[in-house]
1. So residue 25 ticks every box in (1) without any contact (Cβ under 8 Å) to a residue 40 or more places away in the chain; (2) exposed (fewer than 13 other Cβ atoms within 10 Å of the Cβ); (3) within 29 Å of residue 141 (Cα to Cα) but one. Which box is left unticked?
2. In the set 57, 62, which member is at pLDDT below 95, over 19 Å from residue 121 (Cα atoms) and touching a helix residue (DSSP H, G or I) at 6+ places or on another chain (Cβ under 7 Å)?
3. Just one of the numbered conditions (1) part of a loop (DSSP other than H, G, I, E, B); (2) touching a residue at least 12 places away in the same chain (Cβ under 8 Å); (3) surrounded by fewer than 16 Cβ atoms within 10 Å (Cβ to Cβ) is not true of residue 139; which one?
4. Counting just the residues of the stretch 112-128 that are out of contact with any strand residue (DSSP E or B) (no Cβ under 6 Å at 6 or more places or on another chain) and farther than 18 Å from residue 22 by Cβ, which one comes out surrounded by the most Cβ atoms within 10 Å (Cβ to Cβ)?
5. So which residues in the stretch 62-87 are over 18 Å from residue 134 (Cα atoms) and either in contact (Cβ under 8 Å) with a residue 12 or more places away in the chain or outside any loop (DSSP other than H, G, I, E, B) (or both)?
6. Just to verify a result, which residue in the stretch 42-73, among those that are at positive phi and more than 15 Å from the chain's Cα centre (by Cα), is surrounded by the most Cβ atoms within 10 Å (Cβ to Cβ)?
7. Could you check how many residues of the stretch 1-60 are closer than 22 Å to residue 104 by Cα and part of a loop (DSSP other than H, G, I, E, B)?
8. Just to be sure, is residue 18 more than 16 Å from residue 126 (Cα to Cα), surrounded by 21 or more Cβ atoms within 10 Å (Cβ to Cβ) and in contact (Cβ under 8 Å) with a residue 40 or more places away in the chain?
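The values are calculated or read from the model by the stated rules, or taken from the named source; none is laboratory data. The structure presented is a predicted model; accordingly, all values stated were derived computationally and were not measured. Note that we place each Cβ from the backbone using ideal geometry, even for glycine, and neighbour counts take in every protein chain shown.
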């Protein structure tokens with residue numbers, strides 16, 4: 001399946017690409033184009049546009065593009081729901097949604113400064129998102145039963 005989004009990738013777009021490749025379309029071909037070329041490319045190539053003002057799969061209000069993918073594709077993994085809260089806090093005005101949102105935003109901004117190339121940034125963020133996924137899974141893990149000594 002082909003996908004298309006805007007160049008100048010930031011954290012939400014990188015997270016959407018990570019989610020697409022992890023849960024929706026492991027063989028996804030993602031094209032990065034200037035904003036004005038995204039929708040015409042999607043129409044001509046039959047690609048799914050995302051994180052573009054005219055795309056269905058985008059950020060809206062207090063919801064991120066990451067949220068839109070989870071909702072649209074009915075992803076039911078509770079770990080993704082916790083990740084979505086952290087992403088929302090990092091990408092919207094409410095930094096207090098989770099205690100990790102501010103740190104996630106700082107890491108994303110720092111990586112963007114380190115990696116001017118979109119593909120390099122996407123790759124670096126994928127590692128962070130893998131770690132965030134594991135952290136969120138650990139938060140949902142049942143507590144161990146206490147043992148008597």
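1. Exception for residue 25: condition (2).
2. Exactly one of 57, 62 is at pLDDT below 95, over 19 Å from residue 121 (Cα atoms) and touching a helix residue (DSSP H, G or I) at 6+ places or on another chain (Cβ under 7 Å), namely 62.
3. Of everything listed in (1) part of a loop (DSSP other than H, G, I, E, B); (2) touching a residue at least 12 places away in the same chain (Cβ under 8 Å); (3) surrounded by fewer than 16 Cβ atoms within 10 Å (Cβ to Cβ), residue 139 misses just condition (1).
4. My answer is 112.
5. 62, 63, 64, 65, 67, 68, 69, 71, 72, 73
6. 46
7. Looking only at that region, the number is 7.
8. So residue 18 fails the test.
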